[in-house]
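The values are calculated or read from the model by the stated rules, or taken from the named source; none is laboratory data. For clarity, every value in this text was computed on a predicted model and none was experimentally measured. No Cβ is skipped: glycine too gets one built from the backbone with ideal geometry, and neighbour counts run over all protein chains shown.
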Amino acid sequence: MMPVVLWTDALIGLLLAGSVALAWAGRRNRLMRDAWRRVAESRPGMAAAVVLACFVVIGLADSIHYRPRLDAPGAGVGVPAAEVVSLLDRLVAGLRSRGEKTYSAPFATHLYAKETLEGPGGRQFRDTPRLRYGGSHLKRPGARAADVVFRAVEGVAAGFALWLLLAAAVVRRLARAQACSPSAAWWRIWSGQTAVAWNAVLAAAGVVLLVAFPVAFLSGQYHVLGTDKVGQDVLLAALKSIRTALVIGTLTTLVMLPFAVVLGILAGYLGGWIDDLIQYLYTTLNSIPGVLLIAASVLMMQVLIDTHPQWFQSAAERADARLLALCAILGVTSWTGLCRLLRGETLKLRELEYVEAARAFGVPTPRILARHVLPNLMHLVMIAMVMDFSGLVLAEAVLSYVGIGVDPNTYSFGTMINAARLELSREPVVWWSLAAAFVFMFALVLSANLVADAVRDAFDPRLVGRARRRLPAG
Amino acid sequence: MLAYIVRRVLYAIPILIGVNLLTFTLFFVVNTPDDMARMQLGIKRVTPEAIVKWKAERGYDKPLVYNERSQGVRALTDTIFFEKSVRLFAFDFGRSDNGDDISWQIRNRMVPSLALALPVFVLGLYVTVSLALFQVLFRGTWLDVWGVILCVAMMSISSLFYIIGGQFVVSKLWRLVPISGYGEGIDVVRFLLLPVVVGVIGNIGANTRWYRTIFLEEIGRDYVRTARAKGLAETAVLFRHVLRNALIPILTGAVVVIPLLFMGSLIAESFFGIPGLGSYTIDAINAQDFAIVRAMVFLGSVLYIVGLILTDISYTLVDPRIRFE
């Protein structure tokens, strides 16, 4: 096994480490702690956070890349394969290997289209052939319904057992912390009398487990969400798309953060011609309609990548560079909203007594900015980050449809929708890829929206909507 | 008033120059015309002669900013920068990379774009403001709570799904309207009905929620308490006082997008086959026709700046507390 760190992987790691470090540093800050406590009280927020956390775990598992060693015959020493795979690929290796020939419906045992088959005795007839893997363990296809129900019940039972363990652990912890009996602790959770909205957390975890386990149990023998044109399991495509959505949603903000923060603070604090210049810069960028600026930049980026193939060693690296470039373009074209907000807030902070006192003591400007101004802007940065996430995920789908999104070979919800668009005009209708993209995207964006609302309300209720950036809505 | 408008228009000029320089850098400095020619011609047909020919046909064979071989002013005007970028200020968009007249296309395609975008805008504003007002009238009840939940759910659905879903259900299953296309005269209504409805529905979630917060902010003001203290009914307070005051931020916020309606909607137009500027832009992006994209970027910026100026003027018109300075 040879670890491979793609650029986006590194940045995701950086983001993760940064969040942990900030949380560690802010743990003694009373205001921060109060705000997070308010987030923990919010029932929709906590339920959504559980769902979002599941997506994040899948995305992180898909961000650990390596080249597997191929056992060369005779040599006995593994040779690194050319293909870069991720931990998620390894976990769902079954989905990857069980490819069919072409479309098949969810839980199907036969292909979707009729083919000319050869029966015993050389007789030719047209029928839908059996799938290579989907339901291939069944002796006769008629037994499918009973088999599906049986496996689903098994999955539900396993999911429920795990949920019971989880609930027991939470109850035990709460009973210890509050020094009461487990049944009293359970009653407190059930009736919502706990500081952290445990009832919402447990309910959401229950829903997730009761959906995920049956799907996992069934996907061993069936294609739960069907297969696509080249016979690949749609569930795999949906799972792999999560990482792209998360990367676009988070790294874009990370990329533009330095611009917005540095320029916003400088403009607000220093004033004068620097302020004029920075205002001119963002007004100019702002006046180009977002989608067009993105389109122009992405077209130029494509030319750049296509004319310099020597920059990239593998297809994975090229796709990754393109994803990162898309994040950078989305970031550079949309940092203006946050920059303006930070400038306005810095203008206010500059006049406060403690900043004035620091100036009077002769504290150098860089230190004033770092010690007194920046920490008081961090909540705005965080609100902007969570509020932008869902918009960026939606924007990715639109941009990929327009043809200026991610690399066409990268898994993403946009490419899934784009491919699925023409399938609806087939007869009979191929609806499952679109449905899968819809369900996954809806769950991801809805949970992100709910978490963002909870975070915004907890940290700054006055800022409703102001931190929103302009994004192509379609 | 006039002096104010003139000053605002003058202020727009440096911004447009900035936009112009930015697009020039993006299109001609980041990648040279040679790169673009290679890209357009494809790998197979690429020969030095073909590149020279491709550039000469489209006027990309001149120097970027300074032509040493020309005399006097011609040294500055006989360049790509002047021919392709400065001429945009006179709304001379030139020809696209495959040779058709961009200005002619823009003139012809504005009408279909507007025919779709204007009804979506007007109807959308009417529907979302009404829904928001309705929610505020029933604030605190289960109607309001479920309304907010529905709004969040609706804004979590990608606009692509509204279009694909609408086309599939209304056009394919029910066969009520054609899936896509565009017609002449009154026939247009048949083609535009679905795109307009889908466009309005797609915007309900985010806008209703946004307007609801504006109404709720307004309802906490002193004049509302005064109105209630006078004994006015809740509906009278809402419709006569709150609505009129809340419409100031709503309308002025909407004014900025009015000029941009000319540009049409990228996604809806290409899905529904409406020959507007949005689908023109999409086709240009797919064909990698940089001349059209460049023209659209400039046109979009001009329209956006016009929208900003109109916003400032409309503020001063509807809100007497704001004066021209």
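Note on the range B:51-63: residues that are of a type outside the set (D, E, K, R) and exposed (fewer than 15 other Cβ atoms within 10 Å of the Cβ) total 4.
Evaluating residue A:413 against the criteria (1) surrounded by 23 or more Cβ atoms within 10 Å (Cβ to Cβ); (2) modelled with pLDDT under 90; (3) among the aromatic types (Phe, Trp, Tyr) leaves one unmet condition, (2). Scanning the range A:285-310 for residues that are more than 9 Å from every other protein chain (Cβ to nearest Cβ), surrounded by fewer than 23 Cβ atoms within 10 Å (Cβ to Cβ) and within 27 Å of the chain's Cα centre (by Cα) yields a total of 2.
Residue A:263 meets each of the listed conditions (1) buried (at least 20 other Cβ atoms within 10 Å of the Cβ); (2) within 14 Å of chain B (Cβ to nearest Cβ) apart from (2). Here B:226, B:208, B:213 are screened, and the one residue that is among the polar types (S, T, N, Q), touching a residue at least 60 places away in the same chain (Cβ under 8 Å) and part of a helix (DSSP H, G or I) is B:208.
Going by the conditions given, is residue A:149 within 30 Å of residue A:187 (Cα to Cα), modelled with pLDDT of 85 or more and in a helix (DSSP H, G or I)?
no
Examine the range B:307-318 for a residue that is at pLDDT 90 or above, in contact with a Pro (Cβ under 8 Å, 6 or more places away or on another chain), in a helix (DSSP H, G or I) and at the interface with chain A (Cβ under 10 Å from one of its Cβ atoms), and state whether such a residue exists. Yes - at least one qualifying residue is present in the range B:307-318.
Of all residues in the range A:326-342, exactly one satisfies the criterion of being surrounded by fewer than 20 Cβ atoms within 10 Å (Cβ to Cβ) and either more than 18 Å from residue A:388 (Cβ to Cβ) or at pLDDT 85 or above (or both), namely A:328.
Which of the residues spanning the range A:421-447 are in a helix (DSSP H, G or I) and more than 8 Å from every other protein chain (Cβ to nearest Cβ)? Of everything in the range A:421-447, those that are in a helix (DSSP H, G or I) and more than 8 Å from every other protein chain (Cβ to nearest Cβ) turn out to be A:422, A:423, A:432, A:433, A:435, A:436, A:437, A:439, A:440, A:443, A:444, A:447.
Looking only at the range B:24-47, filter to residues that are closer than 14 Å to residue B:65 by Cα and either over 26 Å from the mean Cα position of the chain (by Cα) or crowded, with 17+ Cβ neighbours inside 10 Å (or both); which one of those is nearest to the other protein chains (Cβ to nearest Cβ)? The residue in question is B:27. If the condition is being surrounded by fewer than 23 Cβ atoms within 10 Å (Cβ to Cβ) and under 19 Å from the mean Cα position of the chain (by Cα), then the range A:419-435 contributes only A:435. One residue stands out among those in the range B:87-134 that are in contact with a Gly (Cβ under 9 Å, 6 or more places away or on another chain) and outside any helix (DSSP H, G or I): the one that is nearest to residue B:201 (Cα to Cα), which is B:101. Do you know which of the residues in the range A:343-358 that are surrounded by 14 or more Cβ atoms within 10 Å (Cβ to Cβ) and free of Cβ contacts under 8 Å to residues at least 24 places away in the same chain is farthest from residue A:261 (Cα to Cα)? The selected residue is A:358.
Residues that are polar (S, T, N, Q) and surrounded by fewer than 20 Cβ atoms within 10 Å (Cβ to Cβ) do not occur anywhere in the range B:295-308. Scanning the range A:177-194 for residues being exposed (fewer than 14 other Cβ atoms within 10 Å of the Cβ) and touching a residue at least 12 places away in the same chain (Cβ under 8 Å) gives a total of 1. Going through (1) under 24 Å from the mean Cα position of the chain (by Cα); (2) of a type outside the set (Ser, Thr, Tyr); (3) at pLDDT 85 or above one by one, residue B:218 falls short only on (1).
Does residue B:5 count as among the β-branched types (Val, Ile, Thr), assigned to a helix (DSSP H, G or I) and either buried (at least 16 other Cβ atoms within 10 Å of the Cβ) or within 14 Å of another protein chain (Cβ to nearest Cβ) (or both)? No: the conditions fail for residue B:5.
Restricting the range B:250-277 to residues that are over 21 Å from residue B:159 (Cα atoms), assigned to a helix (DSSP H, G or I) and modelled with pLDDT of 85 or more leaves a set whose member that is farthest from the other protein chains (Cβ to nearest Cβ) is B:255. Of all residues assigned to the range A:160-176, none qualifies as being more than 23 Å from residue A:198 (Cβ to Cβ), small (Gly, Ala, Ser) and crowded, with 17+ Cβ neighbours inside 10 Å. Only residues that are among the polar types (S, T, N, Q) and surrounded by fewer than 19 Cβ atoms within 10 Å (Cβ to Cβ): list them for the range B:119-144, please. Residues satisfying the conditions are B:130, B:141.
Could you count how many residues in the range B:168-177 are more than 9 Å from chain A (Cβ to nearest Cβ) and either crowded, with 17+ Cβ neighbours inside 10 Å or assigned to a helix (DSSP H, G or I) (or both)?
5
From the list B:147, B:165, the lone residue that is surrounded by 13 or more Cβ atoms within 10 Å (Cβ to Cβ), within 30 Å of residue A:452 (Cα to Cα) and without any contact (Cβ under 8 Å) to a residue 40 or more places away in the chain is B:165.
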